[in-house]
Amino acid sequence: MEFRRAGNTGLVLSRLGLGTMTWGRDTDEHEAADQCRAYLEAGGNFLDTAAIYGDGDSERTIGGLIGTFFKREEIVLGTKAGITFESGQRRVDTSRRALLAQLDQSLLRLGTDYVDLWQIHAWDSQNPLEDTLSAIDYAYSSGKARYVGVSNFNGWQSARAITLQQQSPTKAPIATLQNEYSLLNRSIEKEISPCAQELGVGILAWSPLGRGVLTGKYRFGTPSDSRGASPHFANFVEPYLDARSQRIVEAVSIAAEGLGFSPLEVALAWVRDSPGVTSVIIGARTGAQLRGALTSEEILLPQIVRSALDDVSAVL
């Protein structure tokens, strides 16, 4: 697997990262171990999780694999903080107090004294940005986080955070921006991608398969074993089952058939090789699904195909 540097930093990641959002909840420890083994054997080095995933169970599952299936130094371990669910309600709190408390809890669940990448999971309009950034400064200077980033910030929010951190060599530089990006959602191209490239920050793309829709599995209905049929993810998938998305999925499927690839491989390769992208985060229900996704690393889309997909997925 090929590796890329995140912007102007020393953080080096494999072009495909392994997402673990379902680990410990929909993906048990045995399946997680199988996925991890397949990913590492393919040459990957980046595991992405968050404090909120499975109410901490994703981090606990990863912690159980460290030392058993891989050595700590063999992986780049990234997690996020700033979101909680209290009484079933999503709550964003990126105050210094809340963030550092979550970091300590994440380290305990992961069974490690540092993470390679610690990210602010969401923008908090109720909290001063400077207070939020003081938490990542502490995590960075204390060694609890080797690198820091932000996730799901929009263009101006990202630029503000990055430039504030660039004002002094004593502050923790923002290494990555993690945002949703796929042929079904190209919104980051308007402001976030230019921001990252101009300011020397890497982009981590989540949901590169359009929440699973770009695999083509929903072309003729919703499979009973799919995320679209899951109580956890039905509302997450539903926005990409509209007419526009169907047109893009058909174009991807036609391109894949002509190239002898799967729709999944085509969709992943398109995101992976988009300007500014450092790593594409992929998740899977099974080891077999993951192995199928990892084959995308071997393909390169012809420019004529890439241009055709650019045209059909363009936001008007």
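Restricting region 70-100 to residues that are under 30 Å from Leu16 (Cα atoms) and small (Gly, Ala, Ser), the residue that is farthest from the chain's Cα centre (by Cα) is Gly82. Filtering Ala175, Ala145, Ala196, Ala122 for residues that are of a type in the set (A, V, I, L, M), within 21 Å of Ile75 (Cα to Cα), at pLDDT 95 or above and within 17 Å of the chain's Cα centre (by Cα) leaves a single hit, Ala175. The set of residues in region 8-35 being part of a helix (DSSP H, G or I) and aliphatic (A, V, I, L, M) consists of Ala32, Ala33. Just one residue in the set Thr68, Thr79 is β-branched (Val, Ile, Thr) and surrounded by fewer than 20 Cβ atoms within 10 Å (Cβ to Cβ); that residue is Thr68. Here the helices (runs of 4 or more DSSP H) wholly within region 227-315 that include at least 1 residues being under 23 Å from Ala38 (Cα atoms), touching a strand residue (DSSP E or B) at 6+ places or on another chain (Cβ under 7 Å) and touching a residue at least 60 places away in the same chain (Cβ under 8 Å) are 263-272, 287-294. When region 148-166 is filtered for residues that are closer than 14 Å to Ile203 by Cβ and either under 17 Å from the mean Cα position of the chain (by Cα) or among the aliphatic types (A, V, I, L, M) (or both), the ones remaining, listed by number, are Gly149, Val150, Ser151, Asn152, Phe153, Asn154, Ser158, Ala159, Ile162.
The values are calculated or read from the model by the stated rules, or taken from the named source; none is laboratory data. Note that the coordinates shown come from a computational prediction; the quantities given were computed from them, not determined experimentally. When we count neighbours, we look across all protein chains shown, and the Cβ atoms used for this are built from the backbone with ideal geometry, even at glycine.
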